[in-house]
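The values are calculated or read from the model by the stated rules, or taken from the named source; none is laboratory data. It should be emphasised that the depicted structure is a prediction, and the values quoted were computed from it without experimental measurement. So basically every Cβ, Gly included, is an ideal-geometry build from the backbone, and we count neighbours across all protein chains shown.
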Amino acid sequence: MAKNKIVIMPGDGIGKVVLPEALRVLDAVGFDAEYIHGDIGWEFWKNEGNALPDRTLKLLEEHKISLFGAITSKPKDQASKELIPKLQGKGHVYYSPIVGLRQHFNLDICMRPCCSFKGNPLNFIMRKGDGFEEPLVDVVIFRQNTEGLYVGVEWTDPPSNVRKALETHNKMGKFKDVSGENLAISCRIFTRAACHRIIKDAFEYARKFGYKSVTICEKPNVIRETSGMMREEAKKLHTKYSEIKLWHTNIDAQMMWLTKNPEDYGVIVAGNMFGDIVSDGFAGLVGGLGFACSANIGKEVAIFEPTHGSAPKYENLDPSIVNPMAMILSSCMMLDHIGETDKANRIRDAIARVIEEGKIRTYDMMRLSGGPDVFEKGACSTQEMTDAIIECL
């Protein structure tokens, strides 16, 4: 019997391409696991009216750990048109499965490491004096995953009772004469308990892995209540982690500073929207979405995924051209989570050697436009990149 049981959810598009490559690397490093397939994605939406079937939720409830590939999401009207005929007009509404998973299992902590590999031609370079410098970026974003603007409490043409309640706030006076159909409202909701949990985990992570600072990246000078609550909780918790510096930045200024002194930052904490923004910003400094891994972690269930999309235009290219690094690095995060850190570090070391040697590069690492002609220009296939990593193992 395998030591570990892992639910694998390839999903859509290139998720079906990169997830098998990660499993090849896990096998090569000696990870003892049984992989159990979970249904998720666009095909299940079209044929069942549900992109996240209950049977998949039950698998995750039982086994707790999952590797997830990618998902396709489309606007509401287009999604409805793609349902099979017998499901048309039956009231089915498309919701993002990954958002559904986060809400269902309260996967409230999203971790997104953004770490540069020496020799990656996509690394951020800045001018220094008469020359250039390539700063070492080693940042981990802790993004609150289940609250904030993504919680989904919003309306166009809000009901009269909602509007009446909102109009008790003096700032709503300027919208008094706006008709309902011309008014859209989204609520940004933070709770003290969720702020406390993610900031505490960020401090614990910084202490465990030797990061010297935790930065709260919000906007408390304008969004005073929600960002202010995050700031307050950080100050309270900092008394227990006094050896770690506590910094506060505004999201707009942070986006400027990350291209000015990215090497100064360690662990960053933010709400859902600002965490999404700043993590993509830092990912751009270390190679882009081809290297952007992440974890969605709750108290019981954890799901590990690359942050790139499904990129359906690349799914059927044979051989495949997509970069499998983000998926493989996400599997390393899974190994860390279940205590297989030695295996995770071996894989990261192998990736680092492949990148530094520079003999094998995917099309994005060569700054090429995606298409079947990239091989003529020297790019490797998805499978060849995986082969090189396995060889280094």
task: Could you list, in sequence order, all residues of the range 118-132 that are farther than 9 Å from residue 287 by Cα and surrounded by 10 or more Cβ atoms within 10 Å (Cβ to Cβ)?
output: 118, 119, 125, 126, 128
- request: Enumerate the pairs (first residue in the range 320-331 and over 15 Å from residue 350 (Cα atoms); second residue anywhere and among the acidic types (Asp, Glu) and at pLDDT 95 or above) with beta-carbon separation below 8 Å, excluding pairs fewer than 6 apart on the same chain, so at least 6 apart or on different chains.
  value: 323/364
message: For the range 45-58, check the following and say yes or no: at least one residue is touching a Gly at 6+ places or on another chain (Cβ under 9 Å) and closer than 19 Å to residue 338 by Cβ.
response: no
- request: Within the range 147-158, identify whether any single residue is at pLDDT below 95, touching a Lys or Arg at 6+ places or on another chain (Cβ under 7 Å) and either hydrophobic (A, V, I, L, M, F, W, C) or more than 27 Å from residue 301 (Cβ to Cβ) (or both), and answer yes or no.
  value: yes
- prompt: Tell me, which residue of the range 338-351 that is over 14 Å from residue 30 (Cβ atoms) and touching a helix residue (DSSP H, G or I) at 6+ places or on another chain (Cβ under 9 Å) is surrounded by the fewest Cβ atoms within 10 Å (Cβ to Cβ)?
  reply: 349
- prompt: Hey, among 289, 329, which residue is closer than 29 Å to residue 387 by Cβ, of a type in the set (A, V, I, L, M, F, W, C), at pLDDT 95 or above and touching a helix residue (DSSP H, G or I) at 6+ places or on another chain (Cβ under 8 Å)?
  reply: 329
query: Within the range 159-209, how many residues turn out to be modelled with pLDDT under 95 and either assigned by TED's automatic domain parsing to the domain that holds residue 299 or under 30 Å from residue 295 (Cβ atoms) (or both)?
result: 2
statement: Residue count, the range 207-229, condition out of contact with any Gly (no Cβ under 6 Å at 6 or more places or on another chain) and buried (at least 19 other Cβ atoms within 10 Å of the Cβ), comes to 9
- request: Go through (1) farther than 16 Å from residue 14 by Cα; (2) among the polar types (S, T, N, Q); (3) modelled with pLDDT of 95 or more and name the single condition residue 320 misses.
  value: (1)
message: I'd like the residue in the range 352-383 that is surrounded by fewer than 16 Cβ atoms within 10 Å (Cβ to Cβ) and without any contact (Cβ under 8 Å) to a residue 40 or more places away in the chain and, out of all such residues, is nearest to residue 136 (Cα to Cα).
response: 359
message: Go through (1) within 30 Å of residue 134 (Cβ to Cβ); (2) without any contact (Cβ under 8 Å) to a residue 40 or more places away in the chain; (3) surrounded by 15 or more Cβ atoms within 10 Å (Cβ to Cβ) for residue 185 and report which single condition fails.
response: (1)
task: Any chance you could count how many residues in the range 206-265 are touching a residue at least 12 places away in the same chain (Cβ under 8 Å), within 16 Å of residue 142 (Cβ to Cβ) and among the basic types (Lys, Arg)?
output: 4
- request: With the condition kept exactly as written, say whether any residue in the range 253-272 is modelled with pLDDT under 95, part of a loop (DSSP other than H, G, I, E, B) and among the basic types (Lys, Arg).
  value: yes
- request: Look through the range 193-204, keep the residues that are surrounded by fewer than 19 Cβ atoms within 10 Å (Cβ to Cβ) and touching a residue at least 40 places away in the same chain (Cβ under 8 Å), and return whichever of them is nearest to residue 115 (Cα to Cα).
  value: 201
query: residue 104: of a type outside the set (Asp, Glu), touching a helix residue (DSSP H, G or I) at 6+ places or on another chain (Cβ under 7 Å) and assigned by TED's automatic domain parsing to the domain that holds residue 352, yes or no?
result: yes
query: Being in contact with a strand residue (DSSP E or B) (Cβ under 7 Å, 6 or more places away or on another chain), crowded, with 20+ Cβ neighbours inside 10 Å, of a type in the set (Asp, Glu) and in contact (Cβ under 8 Å) with a residue 60 or more places away in the chain, is that true of even one residue in the range 296-308?
result: yes
message: Can you confirm whether residue 90 is free of Cβ contacts under 8 Å to residues at least 12 places away in the same chain, surrounded by fewer than 19 Cβ atoms within 10 Å (Cβ to Cβ) and either out of contact with any Lys or Arg (no Cβ under 8 Å at 6 or more places or on another chain) or in a loop (DSSP other than H, G, I, E, B) (or both)?
response: no
- line: Restricting attention to the range 262-281, the residues that are buried (at least 24 other Cβ atoms within 10 Å of the Cβ) and either not assigned by TED's automatic domain parsing to the domain that holds residue 137 or not hydrophobic (A, V, I, L, M, F, W, C) (or both) number exactly 4
- request: Could you please find all residues in the range 216-245 being of a type in the set (S, T, N, Q) and assigned to a loop (DSSP other than H, G, I, E, B)?
  value: 221, 239, 242
message: Among the residues of the range 249-261, what is the count of those that are loosely packed, with under 15 Cβ neighbours inside 10 Å and in contact with a Lys or Arg (Cβ under 9 Å, 6 or more places away or on another chain)?
response: 1
